[in-house]
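A short write-up of the structure that comes next.
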Protein chains: 2
Amino acid sequence: MKAIQVGLLGIGTVGTGVFQVLQRNQEEIRRRAGVGIEVRAVAARNLARAQAIVAASPVGAGVKVTADARELIRDPQIDIVVELIGGYDTARTLVLEAIAAGKHVVTANKALLAVHGAEIFAAARAQGVIVAFEAAVAGGIPIIKALREGLTANRIQWIAGIINGTTNFILSEMRDKGLDFDAVLQEAQRLGYAEADPTFDIEGIDAAHKATIMAAIAYGIPVQFDKAYTEGITQLAAQDIRYAEQLGYRIKLLGISKRTDHPDASGKPTGGIELRVHPTLIPAKRLIANVEGAMNAVVVNGDAVGTTLYYGKGAGAEPTASAVVADLVDIVRLRAADPQHHVPYLAFQPDSLSNLPVLPMSEVVTSYYLRLRVADQAGVLAQVTRILADADISIDALLQREADEVGGEGVQGVPQTDLIMLTHEAREGTMNGVLAKLQALPTVLAPIVRIRKEELA
Amino acid sequence: MKAIQVGLLGIGTVGTGVFQVLQRNQEEIRRRAGVGIEVRAVAARNLARAQAIVAASPVGAGVKVTADARELIRDPQIDIVVELIGGYDTARTLVLEAIAAGKHVVTANKALLAVHGAEIFAAARAQGVIVAFEAAVAGGIPIIKALREGLTANRIQWIAGIINGTTNFILSEMRDKGLDFDAVLQEAQRLGYAEADPTFDIEGIDAAHKATIMAAIAYGIPVQFDKAYTEGITQLAAQDIRYAEQLGYRIKLLGISKRTDHPDASGKPTGGIELRVHPTLIPAKRLIANVEGAMNAVVVNGDAVGTTLYYGKGAGAEPTASAVVADLVDIVRLRAADPQHHVPYLAFQPDSLSNLPVLPMSEVVTSYYLRLRVADQAGVLAQVTRILADADISIDALLQREADEVGGEGVQGVPQTDLIMLTHEAREGTMNGVLAKLQALPTVLAPIVRIRKEELA
């Protein structure tokens, strides 16, 4: 049978990886798919660079290189278009055009799907084509397949993932070396683990894109990135990582989603989905707490299966290509089948999506790590604990670190000490009120540090 | 659309779990599958017990209970037969009859597939029906799906899994409490973690069934359980777990398969597959070394994706039901599709299986932990290391533990000491020869302990 023809939009790191993997493992892939898969054409803005990359590939000989993405999309020989451009606008336009031309689409573009997913999946459904995106979340780890197909028996309860390698590398280094964020970021940039403009990674936006996509698949809700709460790691201090350690916790940047029905401030149950990215204390003994460096891991809790974990490389040319090519094989298998046999884009039938709301951050219920720099004088602890008790927030653990351990006398010349507390669960809205009151105390001498905590049990 | 009708052969722990999950999550499953899934009939030898279980279920009302499995198989209303009997013979007969009757089949029976897989898949192929078996390996962890579909881009290099919960529970307890095997086995039986006859678990047979199935899928070879090397944990001593710990390792019962092309004794490259189950030292810092209690985890290394890990509950009513029901949803989706759209039973097209041999254990190459109880006298270490050096086996680490640490003067009244060594890689055949020579030394006073070691990097 004639090999299936693929067109690549964009030829950067991942595109080169796709080339390599399709060439090196062509026999292995054909033995699985029952038919070969070949790259027929590559479209790239920088034509000379693309030509050089293709020419250097052992399978580059027959490959057309063009600066005109639409020429590739219109090519009737091409069955599947692989979008590896990244970004929102051009990618959106070209993916919609490929769908309109009746092509199946594979994309690694989490930003695109988190923001424009609803539009793209609706268009694909109307055309009866597949849009596959395993590579968009956690690189080579087949987490989309696990969620969409492997755990279909389950009512998913929660997901928590280390889904951004750059920030996990930075946090691992901060912990290992006791350094603050800024110092480690520079090292990460030098080593190529962080980009020159690292905003998307360190502010948690990339992780929020991925958490948004996983939440849609897990709970059967539309993709709605605008509802995700996003907090990065730029404010993290080495001493909080150290204190967390002393309390038996590690700090990781997690993408979290959770099905919940806690009562809101008025006592009304708020059935909904929490969707949030922020630094999180997790017990050091959990497997995911021991995921170091640029590695990714996702923990999924389902009501039947219990807690499962998926671990691997979340980025890089070949791990990402592994996911892209797996999608190609899936499409090769189902391309000629009736669309009713396809797996639904977001795991649930498009007419069965739920209107469970994504809750505002103020309705999230979690526990907290708090660090207060306070005046070292009698009665301060009583003031602080009284404010917490009045809000019905109980304290789970308390550390006090003397001034000499945290830098001696403060700027105001007052003897200072650090109060470190772990709280039991509370509504974020309630905690915000408590923090405002605590911050207003004259004995609280610096901005309060608040880091959320999850047990992941 | 009318709900898909399922028949259960056998109604024990897993069957009850399947009932529960299909009932509790019926709406969630229908939203994903696009159609409902209902149990129409149950066949069980002990009719009264089955009737009681079905009657106790909230979805039991319309379910037929019969002692006649063939009545269920012949029922034209039943689309999918779920085999949950276990064992080889009856299960084989009934699965083949169900296939002959044109039913799709879901089975959790690893023993059946590891031994009779070739016959069953050939029959299913001739009939164009699906045989799905996610529940046969690692319970609720979707590892079969990851290997068959998620990693199709990869040439799989090796797999190493904790795929038997009973033995992992026993090893965790031995390590935590410093107890020997026999004591912990009794505790495990009391707690229900080990069966009254635990042979299949503790002798590694169950793990070998699962490793055999994963090897077939990973490397595109037929299932061939008779070629698997199987060694259990009954001989493990607490002191070896302790010494391993001092050297930075944990001991786990692993199911291992590996693509290899080491030279054999005559220097000829032996392209083939290693397939083996045995207690294994692994570096304590690896994620899988920290999988405790009855949990399962499988590490898969592919040439594109690198190292990935899958973790979760490997047994139990609902985790196993999670896998069974996921298979049901996959079948519901593809039941009316042309068989060419199905995923191949063993991941590779049936006409593309490889004849790569499973290597005899003597051709396996690995590194070793050795413990020798020796006479505590001058020259013994020189004798021992000379024999290893003559066979070109180099030593990576050496511990000596004095007699007072290991029980004082020996039975022969000779002062004794323990020599603990980690070796670099060697052929198992070579190591067997070396061990015979060492054992023959008059200064070696007890049977030598040999445990294999894998870095899993």
Below 8 Å between Cα atoms, with a sequence gap of 6+, how large is the relative contact order for chain A in percent? 16 percent
Taking only DSSP H segments of four or more residues, each worth -39500 (n - 2.57), what value at 222 nm results for chain A once the sum is divided by all its residues, to the nearest 500 deg cm²/dmol? -10500 deg cm²/dmol
If you average the alpha carbon positions of region A:213-271 and of region A:16-75, how far apart do those two centres end up, in angstrom? 40 Å
Antiparallel versus total DSSP beta bridges in chain A: what percent is that, nearest 5? 70 percent
Burial order of peptide ranges B:332-339, A:439-446, A:161-168 (average beta-carbon count within 10 Å, highest first): A:161-168, B:332-339, A:439-446
Which Cα, out of A:348, A:101, A:316, lies furthest along the positive dipole direction of chain A (beta carbon charges, K/R +1, D/E -1)? A:101
FRET E, pair residue B:399, residue B:119, Förster distance 56 Å, beta-carbon r, rounded to 0.05: 0.65
To the nearest whole percent, what portion of all C-alpha pairs in chain A is separated by more than 31 angstrom? 46 percent
Say the dipole of region A:348-457 comes from +1 at the beta carbon of Lys and Arg and -1 at that of Asp and Glu; which of A:366, A:424, A:414 then lies farthest toward its positive end? A:414
Quick check: at a probe of 1.4 Å, how many percent of the accessible area of region A:365-453 sits on carbon and sulfur atoms? 50 percent
Measure nothing fancy, just the Cα-based angle from helix B:13-24's long axis to the longest principal axis of chain B, in degrees from 0 to 90, nearest 10. 50 degrees
Residue separation between residue A:390 and residue A:2 times 0.36 nm, minus their alpha-carbon distance, gives in nm 132.4 nm
Estimated FRET transfer efficiency when R0 is 51 angstrom, pair residue A:186-residue B:176 (beta carbons, to 0.05): 0.75
Per-residue average of other protein chain Cβ atoms inside 10 Å, peptide B:308-320 -> 6
Note on region A:196-330: C-alpha Rg/Rh, Kirkwood Rh, two decimals, gives 0.99
Using unit Cβ charges (K, R positive; D, E negative) and no other charged atoms, how large, in debye to the nearest 20, is the dipole of chain A about its Cα centre? 1200 debye
Label-point gap, in nm, between residue B:68 and residue B:96 - each point 7 angstrom along Cα→Cβ: 2.2 nm
With Cα atoms, 0 to 90° folded angle of helix B:89-100 axis to chain B main axis: 40 degrees
Accessible area of the protein assembly as shown divided out per residue, in Å², using a probe of 1.4 angstrom: 36 Å²
The distance between the Cα centres of region A:98-167 and region B:106-159, in whole Å, is 25 Å
Given a 1.4 Å probe and no ligands, DNA or RNA in the count, how much accessible surface is buried by B and A, both sides, to the nearest 100 Å²? 5000 Å²
May I ask you to report, in nm to one decimal and beginning with the shortest, the distances from residue B:52 to the same position in the other copies, taking label points 7 Å along Cα-to-Cβ? 7.7
Every other copy gets compared here: list the nm distances from the residue A:336 label point (7 Å along Cα to Cβ) to its counterparts, shortest first, one decimal. 2.0
When each pair of different Cα atoms in the protein assembly as shown is counted once in the 1/r mean, what is the Kirkwood radius in angstroms, to one decimal? 29.6 Å
Say the cut-off is 32 Å between C-alpha atoms; which of B:285/B:437; A:64/A:110; A:103/B:103 go over it? B:285/B:437; A:103/B:103
Using +1 on the beta carbon of Lys and Arg, -1 on that of Asp and Glu, and nothing else charged, what's the dipole of region A:190-283 about the Cα centre, debye to 20? 320 debye
Protection proxy ranking, peptides B:376-383, A:222-229, average beta carbon neighbours within 10 Å, highest first: A:222-229, B:376-383
Distances from residue A:433 to the same position in the other copies: list them in nm, one decimal, shortest first, using label points 7 Å from Cα along Cα→Cβ. 8.1
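The values are calculated or read from the model by the stated rules, or taken from the named source; none is laboratory data. Quick caveat, the model's predicted, so the values are computed rather than measured. Because the Cβ atoms are built from the backbone with ideal geometry, glycine has one as well, and the counts that use them run over all protein chains shown. With ligands, DNA and RNA removed, areas are computed over all heavy atoms of the protein, side chains included. Shrake-Rupley method; radii C 1.70, N 1.55, O 1.52, S 1.80 Å.
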